[in-house]
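Visitor: My questions will all concern the structure given below.
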Amino acid sequence: MQKLPIERLEIIANDIRQDIIRMLETAGSGHSAGPLGLADIFTALYFDILKHDPKKPDWPERDILILSNGHCVPVRYATMAQAGYFDRKELLTLRQFGSRLQGHPERLRLPGMETTSGPLGSGLSQACGMALGLRIDKQMHRWVYVVMSDGEQDEGNVWEAAMLASKYKLNNIIAITDRNNIQIDGPTESVMPLEDLRAKWEAFGWHVLEIDGNDIEAVIDACAMGRAIVEKPVMIIAHTVPGKGVDFMEYDFHWHGSPPNHEQAIKALHELRTLGGKIRSEHQ
Amino acid sequence: MKLADLNAKLETEPIRKGFGRGLLAAAKANPNVVAACADLTGSTAMDLFATQFPERFIEIGVAEQNLVTVGAGLAAIGKIPFVSSYAVFSPGRNWEQIRTTICLNDRPVKIVGSHAGVSVGPDGATHQMLEDIALMRVLPNMVVIAPGDSIEAEKATLAMAADKRPNYLRLAREATPIITTKETPFEIGRAYIFARGADISLITSGTMTYHALVAAESLYKDGIEAEVIHVPTIKPLDRETILRSVRKTGAVVTAEEAQIAGGLGGAIAELLAENHPLPMLRIGMQDRFGESGQPNELLEHFGLDAKHIRLAAHQVLDRKGS
């Protein structure tokens, strides 16, 4: 796959954000903040980091991407459509009866969706199983990437997996925590404090990198560095802005599980198309 | 049906030992067979495998949620993972992970729950798993198997390694009389008639099949010919074999070392209520927990033995006649 310049990737991420807004408005339900905040990470993954083939989703040599926090799947659908897995028109079927784009992702319904997820805390465990299987098969050139949320780290299952990955030195796993500091009931630090999150992962035996998760170049660089760490599994704590790109959604936990209505969607799309007013003449 | 001679003194062996041998044989035949355990490798008889194939064995530690989800990941890479613990912990503690990452995700993970039933004995109610069959039976895609002795468990394990679906295998701790032989057939999804009779159908699985055969002998002395149907696969149920028998006998007693709700008895009740309603009683745990004690005294106390099957058969036959 030919690498695209960062400026081009930023435009793709913006397009993905606009698709997310349209999808959620049409669906009338779903999560806004997380998917918007993750658009840069998913753009970096699908357009630079992952070894994959949109025309052959089951390609045996592909890298594996697990979305552990399944509720953020609109960003994955939108990115997969941009990458050529399916037609962008299908995005508007999100959450509708008969759609391949279920409210939470289902592996059996959509080629390229590696796991079924939604109930939190089990993505990293499955990554451990895959990483162990790849090691047994001597397929260490294939990487297992896991995107997980910060709130889901309330789940004990996450830390069971953290211990196992460390015990078996699963250096073919690169996990990315979407550290956006919100969950359904409020800020993570008031619902169930996670800090010192970096120290926690380090204490569990992981190599931790911390980056601005809305900086596509930083995501690409961190994954490259992560692949070079051989003695430990790697956790990238990616600090993101929930609702990124839409001013009235940014940082507000109330947008965790809500979609925009029609007026809000128009406002959001206008903001994204003008990059928050930086571009004055918007082509309608 | 080639069975052991019930009139001779039967050999006994824990059912889980048959699983251990079956796993080793499956692993020798197929390099994709792998195994993981949650700190109970010896107790679940996985040690045979772990010793011979250390590079294909994963020690998970006391973490049953991780156990089954790591299994789902291994299956995603094309492995055939057997994951074992005590039934009370797996599938007791990790049901949602099994539902989402194995059943809905359709990964052929082989969940092995040992030490099921009150016959665990002295460990008491916390460790006597009685709800596992109900928990697993309600999950789409899941196959539920409760073999009757160690020889059958060995065959079941080999069959599971070749089966493409998620499977649950229920094992017991105590030495169980060996009622089958190497020649006794076993296929996933099949029920087997272990004793022929025309008066009543005794439908059983797991450790209770032995007790049903003993009950059938004493019923014969009472002038009653009982048909014993062994149902090692509780899901999918062998509807044809069961319905053929009950259409002939017109009366049923089910017996299992599990709660009467949702287990084999529940499955048979559902089948018969919709297809062929008839007088029926269910032997099993009557919506209560067990307690510490010796296996045999517990089985007698909770009504899980040949004596109680015989009594239930007479009660059902009274209803059939009236």
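The values are calculated or read from the model by the stated rules, or taken from the named source; none is laboratory data. Quick caveat, the model's predicted, so the values are computed rather than measured. Cβ coordinates were reconstructed from backbone atoms using ideal geometry, including for glycine residues, and neighbour counts include every protein chain displayed.
Visitor: Just give me the residues in the stretch A:160-175 being within 9 Å of chain B (Cβ to nearest Cβ) and within 21 Å of the chain's Cα centre (by Cα), in sequence order. Give the derivation first.
Guide: Looking only at the stretch A:160-175, we keep the residues that are within 9 Å of chain B (Cβ to nearest Cβ), and these are A:160-161, A:163-164, A:167-168.
Of everything in the stretch A:160-175, just one residue is within 9 Å of chain B (Cβ to nearest Cβ) and within 21 Å of the chain's Cα centre (by Cα), namely A:Ala161.
Visitor: What residue, among those in the stretch B:50-93 that are more than 14 Å from chain A (Cβ to nearest Cβ), part of a helix (DSSP H, G or I) and in contact (Cβ under 8 Å) with a residue 12 or more places away in the chain, is surrounded by the most Cβ atoms within 10 Å (Cβ to Cβ)? Steps first, please.
Guide: Of the residues in the stretch B:50-93, the ones more than 14 Å from chain A (Cβ to nearest Cβ) are B:50-52, B:84, B:86-88, B:91-92.
Imposing the further condition that a residue be part of a helix (DSSP H, G or I) reduces the set to B:50-52.
Filter once more, keeping what is in contact (Cβ under 8 Å) with a residue 12 or more places away in the chain: B:50, B:52.
Numbers: B:Ala50: 20, B:Gln52: 13.
The residue in question is B:Ala50.
Visitor: Taking the criterion of being more than 9 Å from chain B (Cβ to nearest Cβ) and either in contact (Cβ under 8 Å) with a residue 40 or more places away in the chain or over 25 Å from A:Arg22 (Cβ atoms) (or both), would at least one residue in the stretch A:121-133 satisfy it?
Guide: Going through the stretch A:121-133, the residues more than 9 Å from chain B (Cβ to nearest Cβ) turn out to be none.
No, that holds for no residue.
Visitor: Go over the candidates B:Arg165, B:Arg173, B:Arg137 one by one and state the one that is in contact with a Ser or Thr (Cβ under 7 Å, 6 or more places away or on another chain) and assigned by TED's automatic domain parsing to the domain that holds B:Val34.
Guide: Values: B:Arg165 fails: in contact with a Ser or Thr (Cβ under 7 Å, 6 or more places away or on another chain); B:Arg137 fails: in contact with a Ser or Thr (Cβ under 7 Å, 6 or more places away or on another chain).
Selected residue: B:Arg173, the only one of B:Arg165, B:Arg173, B:Arg137 that is in contact with a Ser or Thr (Cβ under 7 Å, 6 or more places away or on another chain) and assigned by TED's automatic domain parsing to the domain that holds B:Val34.
Visitor: For the stretch B:35-44, indicate whether the set of residues that are farther than 20 Å from A:Ala162 by Cβ, touching a Phe, Trp or Tyr at 6+ places or on another chain (Cβ under 7 Å) and more than 11 Å from chain A (Cβ to nearest Cβ) is non-empty.
Guide: The initial filter retains those residues of the stretch B:35-44 that are farther than 20 Å from A:Ala162 by Cβ, namely B:35, B:40-44.
Add one more test, that the residue is touching a Phe, Trp or Tyr at 6+ places or on another chain (Cβ under 7 Å), and what stays is B:35, B:40.
Then drop every residue that is not more than 11 Å from chain A (Cβ to nearest Cβ), which leaves B:35, B:40.
So far as the stretch B:35-44 goes, yes, one or more of its residues are farther than 20 Å from A:Ala162 by Cβ, touching a Phe, Trp or Tyr at 6+ places or on another chain (Cβ under 7 Å) and more than 11 Å from chain A (Cβ to nearest Cβ).
Conditions (1) outside the structural domain of B:Pro108 (by TED's automatic domain parsing); (2) under 22 Å from A:Arg135 (Cβ atoms); (3) assigned to a helix (DSSP H, G or I); (4) within 17 Å of the chain's Cα centre (by Cα), marked per residue:
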| position | (1), (2), (3), (4) |
| --- | --- |
| B:Leu6 | yes, no, no, no |
| B:Gly18 | no, no, yes, yes |
| B:Ala25 | no, no, yes, no |
| B:Thr41 | no, yes, no, no |
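Visitor: Residue pairs, Cβ under 6 Å, 6 or more apart or interchain, first in the stretch B:299-322 and among the basic types (Lys, Arg), second assigned to a loop (DSSP other than H, G, I, E, B). List them.
Guide: Going by the 6 Å Cβ cut-off, the qualifying pairs are B:Arg319/B:Pro279; B:Lys320/B:Gly250; B:Lys320/B:Ala251; B:Lys320/B:Pro279.
Visitor: Further question: Quick one: which of B:Ala156, B:Ala172, B:Ala146, B:Ala195 is within 15 Å of B:Lys17 (Cα to Cα) and in contact with a Leu (Cβ under 7 Å, 6 or more places away or on another chain)?
Guide: Values: B:Ala172 fails: in contact with a Leu (Cβ under 7 Å, 6 or more places away or on another chain); B:Ala146 fails: in contact with a Leu (Cβ under 7 Å, 6 or more places away or on another chain); B:Ala195 fails: within 15 Å of B:Lys17 (Cα to Cα).
Just one listed residue meets the conditions, B:Ala156.
Yes/no matrix, rows are residues, columns are (1) surrounded by fewer than 16 Cβ atoms within 10 Å (Cβ to Cβ); (2) of a type in the set (A, V, I, L, M, F, W, C):
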{"site": "A:Gly133", "(1), (2)": "no, no"}
{"site": "A:Glu152", "(1), (2)": "no, no"}
{"site": "A:Glu155", "(1), (2)": "no, no"}
{"site": "A:Asp178", "(1), (2)": "no, no"}
{"site": "A:Ser190", "(1), (2)": "yes, no"}
{"site": "A:Trp201", "(1), (2)": "no, yes"}
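Visitor: Yes or no: A:Ser149 within 14 Å of another protein chain (Cβ to nearest Cβ), of a type in the set (Ser, Thr, Tyr) and under 21 Å from the mean Cα position of the chain (by Cα)?
Guide: Details: within 14 Å of another protein chain (Cβ to nearest Cβ): no; of a type in the set (Ser, Thr, Tyr): yes; under 21 Å from the mean Cα position of the chain (by Cα): yes.
Judged against the criteria, A:Ser149 is not a match.
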